[in-house]
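Okay, structure first, notes after.
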Amino acid sequence: MIVAIHQPDLLPYSGFWFKMATCDTFVLAVHDQVQKHGYQRRVRMRGTWVSHQLVGKPSLVPISQVQVQPGWQARLGDAIRGRYTGARHFRTRGTELLARIEAAEGESLVEVNVALIEIIRVLLSITTPLQQTAPPTTSGVDRLIEQVQMVGGTAYLSGTGGTAYMGEDAPARFAEAGIELRWSQHAMSTGDSIVSVLMDAEDPMAVVLAQH
């Protein structure tokens, strides 16, 4: 069973969805530490940042303990309208996306972003199951291995940036644990939010599944 793991980011770019669509189970790393300028709270749309407004100034705490300021649905909806009103598919996909965001619920950063992830999953027709594990007890590569083992995985699908933080010995360390390390072959067309793909592309899943 191929497992992918990623933090529950804010409407992330197409590579996130490639991993979700091409694995057997997708683990949301809700216990990772929030990053002040991380993608859990912000994303680029049309090349400019769109960010959640958080309660307080959370630091050195898990994502699951961070709260989003009430009214996030309206703020996010306004940001999307301001950037995509003239887009090719705004009147169809944009209208549906905004309606779903308006009806979404959640107070914590995890609840809000998972709600948004579920919305995009529906719009892209991705059926891969999502899971959350118990809090891992290790760090680094061992943390990934631990989570793959928690859900019974035999292979781990890493994003293209994995080599930068896992180290050259990562394949051997996964192999020692009986897990095959695989690398995403996603061909990124834009670093913007998946919203840009939905609004611009005739076939969004063709963009998501494009490989190099």
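Bear in mind these aren't lab numbers, they're just calculated from the coordinates by the rules spelled out. In this text the structure is predicted, and so the values were computed from the model without any measurement. Methodologically, a virtual Cβ is constructed for each residue, glycine included, from the backbone with ideal geometry; neighbour enumeration extends over all protein chains shown.
What to note about this one:
- Whole-Å distance, taken between Cα centres, linking the range 65-97 and the range 31-56: 15 Å
- Förster radius 22 Å - calculated FRET efficiency between Gln33 and Glu118 (Cβ-Cβ, nearest 0.05): 0.40
- In terms of the mean number of neighbouring beta-carbon atoms within 10 Å, the peptides 58-66, 196-204 order highest first as 196-204, 58-66.
- For the chain, the longest principal axis of the C-alpha atoms and the axis of helix 72-84 are separated by about 70°.
- Take every Cα pair under 8 Å whose residues are at least 6 apart in sequence, average their separation, divide by the length of the chain, and the relative contact order is 31 percent.
- Only one of [x] 17.1, 52; [y] 18.8, 60; [z] 17.5, 55 was calculated from the structure for Rg and Dmax of the Cα atoms in Å, and its label is [x].
- Under the convention that each Lys and Arg Cβ holds +1 and each Asp and Glu Cβ holds -1, the size of the dipole of the range 158-212 around its Cα centre is about 140 debye.
- The chain - mean residue ellipticity at 222 nm from DSSP helices (-39,500 (n - 2.57) per run, n ≥ 4, rounded to 500): -11000 deg cm²/dmol
- 3J(HN,Hα) from dihedral phi, the range 179-191, Karplus parametrisation 6.51/-1.76/1.60, rounded to Hz, x for glycine, proline: 10, 7, 9, 10, 10, 4, 9, 4, 9, 6, 9, 7, x
- Rounded to 5, the percent of DSSP beta bridges in the chain classed as antiparallel: 40 percent
- Net charge of neighbours whose Cβ lies under 12 Å from the Cβ of Gly71, counting Lys and Arg as +1 and Asp and Glu as -1: -2
- Ranked by the mean number of other Cβ atoms within 10 Å per residue, highest first, peptides 17-24, 143-150 order as 17-24, 143-150.
- Rounded to 10°, Cα long-axis angle of helix 140-150 versus longest principal axis of the chain: 90 degrees
- Segment Gln65-Ala99, extension gain: residue separation times 0.36 nm, minus the distance between their alpha carbons: 9.5 nm
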